[in-house]
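The values are calculated or read from the model by the stated rules, or taken from the named source; none is laboratory data. Since we're looking at a predicted model, the values are computed, not measured. Cβ atoms come from the backbone with ideal geometry, glycine included; neighbour counts cover every protein chain shown.
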Amino acid sequence: MGTGGRRVAVGVAVGVLVGVLGGCASGGSGETKGAAAAASSTATSGAGGTSGASAAATATATATAPAAAATAGTAGASAPADAGAAGGGSAAPVPPPVAATPGADLEAVLLDDKVVGQVLPDAKAMTGWDEEKRKVDTADHATTCTAAAPCTGKPLSGSVRFSSGDLVTRFIVDTLPSRDAARDRLKETYASYPVGPFQKVDAPGLGSESQAFVGPLAGGDGVSIVVRSGTVVASVTTEGGPVDVAGARRFAVMLVKRIEQAQSGKAPDAGLGPA
């Protein structure tokens, strides 16, 4: 083959590789990667030894890049959670560090009041805190769910309040029939924190998406962290002591872990551990 023929062959091979590698970067499926390997072989045989080897090396380097980026993203997502305790003062129990930040976006729905009741932290999970009020009802709050009158197959709302001295922590869980419905509910919840009285504050992300707010609550200025975890929207508020975003976030990490456990078909048992 003459010089002109080899240039044409190289141009065609490179064009094929660019098209195939574009599919690898966007989809990353086994079928696409196989096509990339086949394209590398074609480039080697059709364009000549040296030019074909260069094209194959380029293909290998390019195909490896998305995998490396994905690995880096996973490592960042598993960074340890912030340290700190909710509230302040000597009466407050100090929870131990939480190992990792959950981040799944699961499709499982939690439309059984028994499961929602298990998702809400209990005395074992909140060591050193006193439970004051617990309730699970329908999303419209028209029906309180009980053992005699259970609620299943419908969106639900659950809440529980704990105290330790002057400190108060509240957990609220709203279960939706789909992730799209949960996204809509999250927007509504965000909108319920008016700009001015409440300020958005930076905090590492939780669940599928989240936002932390600081502003006036029932017991004075406090922290509220709103989270969507797949089909569930939840919030954690802490008040009654110094504003502590990191401390509130620790409770939110625990709640999201319990939600994800339930979504995976496991009995929720994530907790803060001993004080």
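Before moving on, here are some points about what is shown:
- Residue match in the range 184-207 (condition: at pLDDT 95 or above and closer than 23 Å to GLU132 by Cα): no
- Residue within the range 130-146 that is touching a Gly at 6+ places or on another chain (Cβ under 8 Å), within 16 Å of LEU111 (Cβ to Cβ), β-branched (Val, Ile, Thr) and modelled with pLDDT of 95 or more present: yes
- Hits in the range 242-275 (condition: surrounded by 23 or more Cβ atoms within 10 Å (Cβ to Cβ), part of a loop (DSSP other than H, G, I, E, B) and of a type in the set (A, V, I, L, M)): LEU272
- Residue within the range 222-233 that is surrounded by fewer than 20 Cβ atoms within 10 Å (Cβ to Cβ) and within 23 Å of TRP129 (Cα to Cα) present: no
- Flag for ASP122 being of a type in the set (D, E, K, R), part of a loop (DSSP other than H, G, I, E, B), farther than 20 Å from ILE259 by Cα and in the same structural domain as VAL253 (by TED's automatic domain parsing): no
- If only residues of the range 144-169 that are exposed (fewer than 12 other Cβ atoms within 10 Å of the Cβ) and not small (Gly, Ala, Ser) are counted, the one that is farthest from GLU132 (Cα to Cα) is THR152.
- Within the range 125-144, tally of residues that are among the charged types (D, E, K, R) and in a loop (DSSP other than H, G, I, E, B): 1
- For the range 159-189, the tally of residues that are of a type in the set (Val, Ile, Thr) and over 22 Å from THR238 (Cβ atoms) stands at 1.
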